[in-house]
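This report concerns only the one structure given below.
The values are calculated or read from the model by the stated rules, or taken from the named source; none is laboratory data. On a predicted model such as this, the values are computed, not experimentally measured, just so you know. Note that we place each Cβ from the backbone using ideal geometry, even for glycine, and neighbour counts take in every protein chain shown. To get the accessible areas, we keep the full protein, side chains included, count just its heavy atoms, and leave off ligands, DNA and RNA. Shrake-Rupley method; radii C 1.70, N 1.55, O 1.52, S 1.80 Å.
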Amino acid sequence: MKIAFFDSGIGGLSVLHHAMKILPSEEFIFFADEDNVPYGTKSREEVLSFVDAAFKFLIAQGVGAIVVACNTATSVAVKVMREKYPLPIIGMEPALKVGLDAFPNRKVLVAATAITITGEKIRRLIKNLRAENLAELKALPNLVEFAERQEFNSAAVEKYLREELANYDWENFSSMVLGCTHFNYFKDTLRKILPPHVKIFDGNAGTVNELIRRANLKSSPTANRQSLTIYYSGREVIDAAELARLEKFLRRLDKMEAIE
Ligand code: DGL
């Protein structure tokens, strides 16, 4: 089946990277809306229209399912897209439940974009999990920019994260949840800064499991060979230098995967 992974930029590659490890026979499409990244600092109306344009393009490619590998786009647009388009649409959800299940009654810091943390969707998630006193929300918008320019573990990244995370009483927290797919590139720096007892959770496995369930996929190999086609806002990426740059993101994700 042709399966699309969609994000504002290269964050969604982290979810696709996980999917490619466990689904050996699918035809993957990755769509990064590079013309419009970042989404997290734009208005909800703008993001909704960007997502709709991407969906129209992907559906015209004949995809059988779309993974919205972007918490921000999920927060703003997944409901509208599901009403509009009759195919399995899988969204991202910050892994707050994973954090709370692993460490009941302990605080969780959910880091995401400004749009995600001020949205109705996360408010409802917190309410449903009865986590009003346990979930704290934090926007880390600069990480999106750092990731897009492949600045993963520079002194500037470390300084930014140290400053942003300095004012938490970490003794009260069990974990930090990465509620933006761009943040997955920074697990090594985060691990360096956070006290060892604070675990790092992402939503990748949960989303891919949901894709397997909703699109009825098999994780055993078939006669089909896995393939990947990449688009930047509707233009296929064929330039060798750009493909090599994308490969660097994937190799970075190989290293980040084991960090928790
Ligand atoms: N990768 C995105 C997310 O998961 C959004 C980043 C952005 O475009 O601001 O929220």
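Surface composition of the range 168-260: carbon plus sulfur atoms contribute 51% of the solvent-accessible area (1.4 Å probe, protein chains only, all chains present). Label-to-label distance for LEU129 and VAL237 is 3.0 nm, based on points extended 7 Å past Cα in the beta-carbon direction. For the chain, the alpha-carbon coordinates run over 50, 39, 39 Å along the three principal axes, in decreasing order. Average projection, convex hull of the Cα set of the range 121-260: 11.4 square nanometres. Sorting 158-171, 3-16 by their mean Cβ neighbour count within 10 Å, with the most densely packed peptide first, gives 3-16, 158-171. A simple rule links phi to the HN-Hα coupling: the Karplus curve 6.51 cos²θ - 1.76 cosθ + 1.60 with θ = phi - 60°, which for the range 235-244 gives 9, 5, 8, 10, 5, 4, 5, 5, 5, 5 Hz, with x for Gly and Pro.
How large is the accessible surface per residue of the range 193-260, computed with a 1.4 Å probe and reported in Å² as a whole number?
60
If the segment from ARG225 to LYS248 were pulled out straight at 0.36 nm per residue, it would be longer than the present Cα-Cα gap by 6.0 nm.
Taking packing as the residue-averaged number of other Cβ atoms within 10 angstrom, the listed peptides 229-241, 77-89 run from highest to lowest as 77-89, 229-241.
The value of relative contact order for the chain, using C-alpha pairs under 8 Å at least six residues apart, is 29 percent. Amide H to amide H, with H built 1.01 Å from N, GLY9 comes under 5 Å of ASP33, counting only residues 5 or more places away or on other chains. Here the peptides 104-115, 192-203, 129-140 are ranked by packing, the mean other Cβ count within 10 Å, and the order with the highest first is 104-115, 192-203, 129-140. Estimated at the nearest 10 Å², the accessible area of ARG191 is 60 Å² with a 1.4 Å probe. Every Cα-Cα pair of the range 18-157 was included, and the share exceeding 21 Å stands at 51 percent.
The range 113-161 and the range 57-83 have Cα centres separated by 21 Å.
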